[in-house]
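These notes are about the structure you will find just below.
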Amino acid sequence: MSEERTPQVSTEEGHTQYERASSPASALTPRGTPQRPPVRARAGDEIHAFPETAVGEGDVRTAEAGSEFVRGTSLWRDAWRRLIKNKLAVFGMVVVVAIVVAVLIGPAIIKAKTGYTYDFIPPDSKLVQSFPPLTAPDGSFSWTHPMGTDSEGRDMLARVLLGGRISLMVGIISTIVSLIIGISWGATAGYLGGKTDDVMMRIVDVLYAIPYMMIVIVLLAFFGAQSPLKQIFLLFAALGAVSWLTMARIVRGQIISLKNQEFVLAARAGGVSTPKIIFRHLVPNALGPVIVYATLTIPTVMLSEAFLSFLGLGVQAPYASWGSLAQYGIQNVAIFPWQLIFPGVTMALTLFSLNFLGDGLRDALDPQMRKF
Amino acid sequence: MFRFIVRRLIVTVPMVLIVITLTWGLIRLAPGNFYSTDKKLPPAIEKNIRTKYGLDQPWYVQYGRMMSNIVRLDFGNSLKYENETVNDILKRTLPVSATLGILAYLLALVVGVFFGTLAALKPNSKLDYISMALAMLGISVPNFVLGPILVLVFSLSLYWLPPARWDGFPSWNLVLPVLTLSAIYMAYIARLTRAGMLEVLRSDYIRTARAKGLSERQVIVRHALRGGLLPVVSFTGPALAILISGTVVVERIFAMPGLGNYFINANLNRDEPLIIGIVAFVSIAVLIFNLLVDVAYGFIDPRIRY
């Protein structure tokens with residue numbers, strides 16, 4: 001890979017400072033460290049032509065610890081300031097937080113106030129029918145069911161909140177699965193470089209072009225129908241396993257730009273093992289773009305989950321997600337439109353806010369990645 | 001160029017094999033059988049069924065037979081749609097899905113590029129904000145919510161358009177499904193066009209074009225769009241993936257006899273030949289299409305050389 005052969009010189013402030021601080025006096029190359037090609041400096045860069053000879057263990061540790069500290073706080077505080085200035089991102093953040101809180105404590109409040117839970121079917125058979133929102137059984141105004149009831153007389157609000165729990169959970173857990181796979185894959189490929197990198201990234205390229213949704217559908221249709229809980233775990237795994245590709249590419253790019261910096265050399269000189277260098281030293285420094293992309297992965301995964309649940313292959317009764325509620329609602333959409341509209345609109349609002357939050361985070365955390 | 005295509009085809013063939021093997025393996029590893037019903041079959045009948053479908057052979061014989069069928073592009077008979085081969089079903093359903101997909105993509109391309117360009121020409125204007133907010137909405141509203149809402153408004157309340165069913169190519173029945181399917185593309189393409197155009201409009205060659213005294217219209221249409229649309233071209237690959245899942249949903253909502261609808265039914269019915277046939281067909285189509293996109297990219301972007 002071309003990136004590997006010509007290591008880039010970092011021009012960020014924190015690093016030039018630290019490069020100035022380290023002294024060229026201690027010309028120690030630790031035993032067992034392979035000789036590395038000289039770093040090519042551009043005009044104006046203050047940098048040692050042979051950084052490996054400039055590394056003294058003590059120097060690097062103190063200098064790196066110091067600059068890391070200053071840079072760390074300012075990066076995150078700057079990002080926060082930029083995020084707060086972005087009105088749409090703040091709107092997204094507020095809505096996401098509100099929905100998460102509502103989903104977590106809402107069902108308990110509804111139970112305390114009205115006695116309805118997501119699967120409570122009223123024993124009185126006159127109540128087992130779909131009432132419009134904010135309507136009492138006799139047709140007058142009532143706060144009991146702000147979103148109406150479904151065809152079995154269950155409270156829609158409680159069902160939408162419970163569906164939100166599962167939808168958000170699938171989104172978050174599948175994203176974590178994709179994070180674990182993507183970070184490990186991308187960081188390993190980026191750090192090891194050479195043939196390993198070529199092969200690993202070629203595999204990613206190949207997987208990109210595969211119509212993986214069809215395979216997920218086959219997997220869920222053939223293995224899912226055993227128990228509702230198993231189906232949900234299968235969803236986590238399947239959706240996580242297909243959404244890590246872009247993450248791997250992002251992490252690899254980050255790692256390649258970081259791996260030729262001196263703190264990695266210092267760690268190697270200190271005898272740190274390769275996996276530890278990757279996961280303790282490199283990955284934490286690449287977190288910014290990873291967080292941004294993870295925020296944008298959550299809505300994508302939630303959309304895939306809803307798509308599968310809509311087809312009857314995702315979340316199964318007694319559990320519900322926004323997708324399975326929409327599938328249930330669409331059957332009576334002409335007569336009881338609220339059965340579709342409330343879960344659908346809640347989901348759209350959540351995805352909308354998550355997308356805005358993700359875009360705002362990208363602008364705030366990584367101005368270079370910003371698409372204007 | 002030729003070498004590039006050959007190299008890509010060499011990579012493509014094993015990919016199709018991997019996809020098919022994976023699907024076949026999943027089906028084989030799954031518990032249960034396509035012929036199992038509520039009642040237990042008498043052992044003699046079960047044995048006959050297994051012999052008829054070759055299930056009594058070892059797995060490598062079954063695998064080899066399936067693969068040789070696929071190489072000959074003969075996917076066998078469907079298990080549930082009797083008297084129809086998988087090829088018949090593909091021939092019948094493909095035009096439906098292809099019509100939907102192509103119309104939706106063309107609509108999205110026209111609308112998305114138009115509004116994306118307008119937004120990029122006047123960044124931070126009202127038009128920019130409105131079109132980008134609409135684009136975000138298009139990405140966030142799931143198509144299975146958008147479709148029924150469109151039906152509710154335009155068919156069941158206003159009585160302007162038919163709500164469902166396939167009725168040949170030029171037909172009012174296509175309006176709502178195509179709109180539903182193209183919403184998400186429209187949104188992505190508008191965002192990509194805006195980002196790409198913003199980047200291109202700042203570049204030196206646009207300044208040169210303006211300095212030559214070209215009209216603004218010519219600068220944009222002849223010079224800027226060519227570079228600004230590159231992200232849209234490279235989006236066409238992933239767009240296919242969205243297209244496949246999108247058509248599945250749209251075909252189900254609007255009761256269209258398309259490939260996606262049959263694929264879901266085949267999965268629910270455990271119709272193994274039909275599943276394998278559709279997966280093989282779609283993966284080959286997707287990979288060939290991706291190759292075409294890459295080749296086209298080389299023609300549009302003079303910086304790319306193979």
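Data overview
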quantity: ³J(HN,Hα) computed for each position of region A:159-166 - Karplus, 6.51 cos²θ - 1.76 cosθ + 1.60, integer Hz, glycine/proline x; calculated: 5, 5, 5, 5, x, x, 3, 5
quantity: Separation in nanometres of the label points that stand 7 Å from Cα toward Cβ, at B:Phe289 and B:Glu199; calculated: 2.4 nm
quantity: Summed residue charge, Cβ within 12 Å of A:Asp150's Cβ, Lys/Arg positive, Asp/Glu negative; calculated: -1
quantity: Tilt relative to chain B, helix B:43-52 - C-alpha long axis, 0 to 90 degrees, to 10; calculated: 50 degrees
quantity: DSSP loop trypsin sites (Lys or Arg not before Pro) with at most 16 other Cβ within 10 Å excluded, longest remaining stretch of chain B; calculated: B:213-302
quantity: Proximal lysines relative to A:Lys85, as straight alpha-carbon distance under 18 Å, when same-chain residues fewer than 8 apart are discounted; calculated: A:Lys371
quantity: Helix axis angle, B:230-253 relative to chain B longest principal axis, alpha carbon, degrees; calculated: 50 degrees
quantity: Sum of side-chain charges, B:Tyr53 neighbourhood, beta-carbon under 13 Å (Lys, Arg +1; Asp, Glu -1); calculated: +2
quantity: Chain B: angle of helix B:272-300 to the longest principal axis, Cα-based, in degrees nearest 10; calculated: 20 degrees
quantity: Label-point separation in nm, B:Leu9 to A:Lys111, each point 7 Å along Cα→Cβ; calculated: 6.4 nm
quantity: Amide hydrogen neighbours beyond the local backbone of A:Thr149, cut-off 5 Å, H modeled; calculated: A:Phe131, A:Met156
quantity: Distance in nm between pseudo-label sites at B:Leu156 and B:Ile18 (7 Å out along the Cβ direction from Cα); calculated: 4.4 nm
quantity: Added length on full extension, which subtracts the Cα-Cα distance from 0.36 nm per residue, B:Glu216 to B:Gln62; calculated: 49.0 nm
quantity: Cross-link partners of A:Lys113 among lysines (Cα-Cα below 28 Å; sequence separation of 8 or more within a chain); calculated: A:Lys126
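FYI, it's all coordinate maths here, none of it is from the lab. From a predicted model like this one, the values you see are computed outputs, not experimental measurements. In this analysis, Cβ positions are derived from the backbone assuming ideal geometry, glycine residues included, and neighbour counts consider all displayed protein chains.
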